[in-house]
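Below is one structure, written out as structure tokens, with a few remarks after it.
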Amino acid sequence: MEFMSAEWNPLGDIFFRKLELYRMTWIDHMNISEYDVAAAINGGPIATMKKAMHMVRADSKQIVSIYNAAGNRLHDFKWQQGGLLLKIGWTASEKLVCVQDDGLVILYNLFGQVENTFDMGQEAMDLKISDCRIFQSYNDSGVIVMTTAYRFWIKSDVNKRSAPRKLADVPALGSPPSCWAAIGVDGTICALVARDDRLYLIDQMGQCTPQDIQISDSDVIAYTDIAVSINNKYVALFTATGMLWIGSANLQVCFCEYQTQNKSRPTQLAWCGTRSVLVYWEGEDLLMVGSDRDWISYPHEGSVFIVSETDGARIISNSFHELIHRVPEVTREIFQIGSIQPGAYLFEAERKFNQQNKEANDYIDSIAHQMGLAVEQCIEAAGHEFEPAKQKSLLRAASFGKCFVNTSEPDKFYHMCQMIRVLNAVREFSVGIPLTLKQLNFITMETLIDRLVYRRQYLLARKICQYLKLKDVEEKILAHWACYKVENSRDPDYKIANILQEKLGDNSGVSYSDIANRAVEMGKTNLAIMLLDHETKAANQIPLLMKIEKYDTALKKAIDSGDSNLVYQVIFKLNDTIRSVGDFLLEIRKSPPALPLLMKYYKEENPILLEGLYNQEGLHNEIAQLKISACVDEQEIGAKKYLLGEAQKMFQSAKDEWAAKMTDDQIRLLERQQQLEGQGLSCINQSLHETMHRLVMAGNMKIAESLKKEFNVPEKRYWWLKVNALAECSNWPELEIFSKSKKSSPIGYRPFVEACAKWGNKAEAAKYLNKVVSDEKVKCLISIGEMEHAAEVAFDRKNEDELNLVLQQCTMADRAVFDRIQRLKLQLRNT
Amino acid sequence: MAASVEGKLPNLDSLKKLVRDDLRRILESKHGAKDLFIDPTLMKPIDRIANVKFLQDHGVEKIYKIDSSKPVQGNRERFYITRPKVISIKYIVEQMKAEKSAGQDRHYTIVMVPRSLYICEKILEQNGVFGWVTIETLSFNLLPIDKDILTIELDFFYSSYFLHHDETWLHTAASALVALQQEFGKIPNFYAIGQAAKSTWQLSQTLLDCGPDITGVPKQIGHVILIDRDVDLVSPLCSQVTYEGLLDDIFGIQCGVVQFDKSVTGADNVMKVPLNSDDWLFQEVRNKHFSTVFKELSAKAKDLQKSYDKKDEMSVAQMKDFVAKDLKSLKATHKSLTIHISACEEITKRKTASGELEDQLATEHGLLEGHSMTENTKYIEECIYQQQRPVNTLRLMCLLSLVKDGLSPETYESLKRHSLQSHGYQHVLTFHNLLKLGLFTKRANPSQTTVKLPGGSSSSLKIATGKLNLPRKSSFQILSKNLHLIPKSGVEIDLRNPTDMSYVFSGAYTPLSCRLVELVIEKRGFTGIEDSVKLITNSFGQSVKAQSARGGKPGGSQSRDPADQTVVVFFLGGVTYSEIAALRFLGHKYGNRFLILSTNIITGDRFISQTLP
């Protein structure tokens, strides 16, 4: 291990190391030289497709195979779109992009299921395309195609619905360009096209800009290959004279020109990180060229395919998957021979300590004041290692160093351990994501988990979430898993429902209705219903139940939820769906609690339907009530009478004799009122009592009497009415006559006193005092304000309650009376 | 003591702040000056949450009531704050249409309180205006009107649920319970009496399950008792005789504020007086029997005079101190005293001058105690003949019917007929409603078919029509006896220093609702009183946490957990100030803290008015 750096290759001031990632499972059947290969960046999956020249028969269908990075086959499928599959590639989100020669683009997931389809426009369709590039753009990924007329069309983002756009034309391009590539410039994607020795940048705004290039060789015949670095900052060009040019993306800065002595077009030209370029010719060693014309030659077996990464490049062959990794700075600081960095000393100290060598102490002493930095270096370096043994030794060193620092942050150590565990887990052979720490930090943990879910590694994804305590993300995974089960399980519905319920439980936070929705889309209606049973939010259940036309269940659930709002939703939906009103009502009647809600709605929106509903339910009395309500609002007499007649009929149907009789009375009263109105007495909308009151006041005793007879008005009421009416119009003589019309008044004489008092004639009131029975005398006296007199009467009657009553009525003004009553009370008590 | 008990109640101010913040969010969602149209029933509640200044600070220029569909000139941004009721939505729709056709270009935002209903959106859609509006919801479920009273301000809850069987507003009631628990922790023990109570509780559980996790919120409330208004229809029908009750009966208290007119203030302008525990003077007399209030106030007046008099003997320094500290509070007390004394005088004048209250009370007490039924019926008849206010006579008629489990067909029909003659035929509708609600019924004649009613699932209906073979005693009388609602005659009740809840009705009757609360709290459920409760309703239930079940009665001094002593009593369909007074009394007696939650606050008149056409 001391000689870890021995395996490093220097390239100028930086180092590269070659790490074996996997021995490929496909070793038995794969011959890379016969295949077009595409691999997604950041340790993504691999897709292969047999090259046309290696097809057994030219007309046989192409087969696309998808593998993980370890060569485990995930899926195969035949290309059956009718055209020739021109190119395969990957998006950043690991969707497989397949481009057919007519511009048809289909996106697949890792399991060969179609995710999205679009075309590259009419020109591509009509003329066919001769070449295309699938590139990583700023959001996800895009496609540029070149038609057989050498015009370029771009779709910047495969996920967006926007139509493809045309790139500017390259002048005088009558034959295929010698090479071309997609390149990001200031946030938009353009194409860099070489027409022999001329370079052009063409963009989506119709601009074609000829590019000047800083190059020493003045007679370049043509540029035959081009590679753009992943960060779009650098470009590598290969010339027909065998020269490799490396420089800035705008071609204005040249880093190096390197003569390879090989004039043939490379099989692959690719960036390795951002500081070096790999050139590969079939059958030769891999050549790595750095920006200072340093070079390294990597021998290998058989053909290879190169995948550029941000911090290196992956080399895929028939038997191996290797990573040419730029040695991270911190790793170099620790392991470079002769390093005097604190991390290097700490690592050494820990080793010596384990050997029980006292030199450990010397090392520690020498970095005592830099121990914090030393620990951090070891922690970080551990993250960059692939082999667990190396990871452990570095972590051990960090842990050892921590003992000497007071202020170490435990978080960093802990966090790195977590990252390492996750990285090791996803690098596992069966998962096959050979991610470096730098790449993980770049794509984020969330994306990694998404990728696992996309690969249907639900268990691992969930375990990572649990390990990292990412509860929300865990729910998302469960939901994906559940949808996957719903889509793919061939088990009977009840079994799927059980499995899901077991895993999700009741409180996982996963929405059952979302899963049920997927079941509906898959046509598994019964499963959807079973799943919806577990949905706690009725508001989510109901729309879906209606979608699958389970209206009765929807209505039942809505009612059970206790939320009328949901019931209304179902009712309205039903109303829209069922044509016949009768059938609709029949359906509603099955759920009794829905009926009042419908009635309420009809009451406010559609009284006619309400009447129909009542009728169907045999609620004649309710119909009568409706008619009466209408009658109250109606002003026109004829209409009023008509409505009352209707009400009366309904009361009869309801066998409510009394109400029918009352209604009959009302109709007759209305008729009488109509007559009276004609005689100038305004009384419509008045009650019988009020009508008679007005008649008495108008001096129309005869008609009042006749009404009394006709409507069976009790004697007592008539007396009350007449007394009050006569007093109100100050018809005192008539009142007196009336008081004497019978031997004794059926209501006594207190009403007379009080009515006179009320209408302001106390003298008149006094006339009736004598006739008032003694029990009521005190109250009468109070009503005409004769407090003192009242008190005397009460005293005479020896009635303390009555005295109190008078007392209560005395205002502050009656101080004398007040005192007198107090005295009387005392007197009464003492006697 | 009062202060210490209330001091430990959960602080309700935070609830106001939540609503205010929500309102701010909504108003700030649109830039620039805006005009605000408010549902008349929400005017007062909104004002209690966010005053005019607040609204102006958030860009509101003019405030209107939603009560017509005429177009109005104004700002580009228009906000409507409304209950999700068809009638208001229709006004809004018509107004928007009128303004559009008048060429006014405007952004409309409809703020539904407390949530949007499908039925309203449907109306917007049918009228083709759905696309013009932004719909927002203001989660305004609870309005604190005092330290121990919360209302939902749904005046129509009783009629809409119990009369029309419309369960729409149960959701609002349940949301109120949820909001309460989100703020003050999960309530471990619940007791429900009545169908609405049970449904509300269940719905609130569902809503809680779907909402954010509240296990971390500190628990401040131990129990909630939900009571349907129709469990106890008698209490709201009785005339109120506590001071606060009378103020409500006579002047009407709206969201904790009373408006005194000229008769009290002596001036031309009306005066708005907040009635709550911040006014210590009012706090002392609010729950008192009216007969003792005047004396209390005179005593306070004398104390006040003494405090003023002290200044005559003060040194300059003392005087300075007096002016700085005491004078202001004395002046406030003075002002409050003046207004309450005037209010008392006015009450006396209106209620007792005619002797009307006296007779009415005598009749009510007679009915409750079950004596002199013939005379009482006669008295009611006379009231009708005298054209007394229909609401008043209806109250007595309902009381008569309730205590007797319905009237004989003869009495029933004759009283109805008299009422129609006095107040008009349209009251056929009233009586129909009263019958459905079980408020005014006739004893079913076995040979006669009963009137068929729609959606006949309510419990009141069962009472109304279900008891065919009655024993001689009515169920009200049995309840009175079993639950000791009517004190033994001859026992004097000290109205000044009461020892029994019945003081709120002059010692004649203990409100059934409050007695049930007392028993449920005492027994931690319905053990031993099932039979009585079954006489009222078949829908009752409880869910009690096992650990608290062994702890004896809550509020006992041995109980250490203050939350356990805090009890929410939730009235579905309204509560009167008399009942609140009785519960406050109960709280003092047992050392419990009651938090009253109600759909609305009612008086007998407002209660009966809901049944009028």
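The values are calculated or read from the model by the stated rules, or taken from the named source; none is laboratory data. Computed from a predicted model, the values in this text were never measured in an experiment. Ideal geometry is used to build each Cβ from the backbone, glycine not excepted, and the neighbour counts take in all protein chains shown.
Quick notes
- The residues on offer are B:Ile145, B:Ile123, B:Ile193, and the sole one that is in contact (Cβ under 8 Å) with a residue 12 or more places away in the chain and within 12 Å of chain A (Cβ to nearest Cβ) is B:Ile123.
- Verdict on A:Ser653 being over 26 Å from A:Pro714 (Cβ atoms) and more than 8 Å from every other protein chain (Cβ to nearest Cβ): yes
- Filter pass, B:Ala174 being within 14 Å of chain A (Cβ to nearest Cβ), touching a residue at least 24 places away in the same chain (Cβ under 8 Å), within 22 Å of B:Leu519 (Cα to Cα) and of a type in the set (A, V, I, L, M): no
- Screening B:Leu357 on (1) in contact with a Ser or Thr (Cβ under 7 Å, 6 or more places away or on another chain); (2) more than 19 Å from B:Ala508 (Cα to Cα); (3) within 13 Å of chain A (Cβ to nearest Cβ) shows it passes everything except condition (2).
- When A:Gly618, A:Gly562, A:Gly645 are checked against the criterion of being over 35 Å from the mean Cα position of the chain (by Cα) and either within 11 Å of chain B (Cβ to nearest Cβ) or among the aliphatic types (A, V, I, L, M) (or both), a single residue qualifies: A:Gly618.
- Residue match in region B:351-358 (condition: in contact with a helix residue (DSSP H, G or I) (Cβ under 7 Å, 6 or more places away or on another chain), at pLDDT below 90 and of a type in the set (Lys, Arg)): yes
- Residue in region B:222-243 that is over 20 Å from the mean Cα position of the chain (by Cα), farther than 29 Å from B:Gly507 by Cα and not in a helix (DSSP H, G or I) present: yes
- Selection from region B:285-295 of residues that are within 21 Å of the chain's Cα centre (by Cα) and either surrounded by fewer than 16 Cβ atoms within 10 Å (Cβ to Cβ) or among the hydrophobic types (A, V, I, L, M, F, W, C) (or both): B:Val285, B:Phe290
This table checks each residue for (1) surrounded by fewer than 18 Cβ atoms within 10 Å (Cβ to Cβ); (2) in contact with a strand residue (DSSP E or B) (Cβ under 6 Å, 6 or more places away or on another chain); (3) modelled with pLDDT of 95 or more; (4) of a type in the set (Ser, Thr, Tyr).
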| site | (1), (2), (3), (4) |
| --- | --- |
| A:Glu20 | yes, yes, no, no |
| A:Asp28 | yes, no, no, no |
| A:Asp36 | no, yes, no, no |
| A:Ala40 | no, yes, no, no |
| A:Gly43 | no, no, no, no |
| A:Met49 | no, yes, no, no |
| A:His54 | yes, no, no, no |
| A:Arg57 | yes, no, no, no |
| A:Ile63 | yes, yes, no, no |
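- Complete set of residues in region B:126-142 that are among the aliphatic types (A, V, I, L, M) and within 14 Å of another protein chain (Cβ to nearest Cβ): B:Ile135
- Whenever a residue of region A:201-212 is under 17 Å from A:Gly142 (Cα atoms) and touching a residue at least 40 places away in the same chain (Cβ under 8 Å), its partners that are basic (Lys, Arg) and surrounded by fewer than 18 Cβ atoms within 10 Å (Cβ to Cβ), lying with C-beta atoms within less than 9 angstrom and at least six residues away or across chains, give the pairs A:Gln204/A:Arg165; A:Gln204/A:Lys166.
- Filtering A:Leu435, A:Leu394 for residues that are farther than 30 Å from A:Tyr484 by Cα and either buried (at least 17 other Cβ atoms within 10 Å of the Cβ) or touching a Leu at 6+ places or on another chain (Cβ under 6 Å) (or both) leaves a single hit, A:Leu394.
- All conditions but one from (1) of a type outside the set (Phe, Trp, Tyr); (2) touching a residue at least 24 places away in the same chain (Cβ under 8 Å); (3) under 23 Å from B:Tyr118 (Cβ atoms) apply to A:Gly562; the one that does not is (2).
- Conditions (1) within 28 Å of A:Met522 (Cβ to Cβ); (2) touching a residue at least 60 places away in the same chain (Cβ under 8 Å); (3) surrounded by 20 or more Cβ atoms within 10 Å (Cβ to Cβ); number of the one not met by A:Tyr454: (3)
- Per-region count, region B:259-269, residues at pLDDT below 90 and surrounded by 14 or more Cβ atoms within 10 Å (Cβ to Cβ): 3
- Of the strands (runs of 3 or more DSSP E) contained entirely in region A:93-156, those carrying at least 1 residues that are among the hydroxyl-bearing types (Ser, Thr, Tyr) and within 36 Å of the chain's Cα centre (by Cα) fall at A:105-108, A:114-118, A:141-147.
- Here A:Arg589 passes the criteria (1) at pLDDT 85 or above; (2) more than 25 Å from B:Leu207 (Cα to Cα) except the one numbered (1).
- Residue in region A:779-786 that is within 22 Å of A:Tyr718 (Cα to Cα) and of a type in the set (A, V, I, L, M, F, W, C) present: yes
- Residues in region B:294-320 that are assigned to a helix (DSSP H, G or I) and polar (S, T, N, Q): B:Ser298, B:Gln305, B:Ser307, B:Gln318.
- The C-beta contact set for region A:667-690 (first residue away from every other protein chain (no Cβ under 14 Å) and among the hydrophobic types (A, V, I, L, M, F, W, C), second residue surrounded by 14 or more Cβ atoms within 10 Å (Cβ to Cβ) and part of a helix (DSSP H, G or I), distance under 8 angstrom, 6+ apart or interchain) comprises A:Leu676/A:Thr691; A:Leu676/A:Leu695; A:Leu676/A:Ile703; A:Leu681/A:Arg694; A:Leu681/A:Leu695.
- Selected residue (only one of A:Leu173, A:Leu192, A:Leu199 is assigned to a loop (DSSP other than H, G, I, E, B) and either among the aliphatic types (A, V, I, L, M) or more than 32 Å from the chain's Cα centre (by Cα) (or both)): A:Leu173
- Among residues of region B:389-436, those that are among the polar types (S, T, N, Q), outside any helix (DSSP H, G or I) and within 11 Å of chain A (Cβ to nearest Cβ), counted: 1
- Options A:Lys702, A:Lys661, A:Lys716; residue that is out of contact with any Phe, Trp or Tyr (no Cβ under 7 Å at 6 or more places or on another chain), modelled with pLDDT under 95, at the interface with chain B (Cβ under 10 Å from one of its Cβ atoms) and surrounded by fewer than 21 Cβ atoms within 10 Å (Cβ to Cβ): A:Lys661
- Within region B:113-170, the set of residues being out of contact with any strand residue (DSSP E or B) (no Cβ under 8 Å at 6 or more places or on another chain), on the phi > 0 side of the Ramachandran plot and surrounded by 22 or more Cβ atoms within 10 Å (Cβ to Cβ) comprises just one member, B:His165.
- Scanning region B:561-585 for residues that are out of contact with any strand residue (DSSP E or B) (no Cβ under 7 Å at 6 or more places or on another chain) and of a type in the set (A, V, I, L, M, F, W, C) gives B:Ala563, B:Ala582, B:Phe585.
- Output for region B:484-532, where each listed residue is in contact (Cβ under 8 Å) with a residue 24 or more places away in the chain, part of a loop (DSSP other than H, G, I, E, B) and among the small types (Gly, Ala, Ser): B:Ser489, B:Ser506, B:Ala508, B:Gly525
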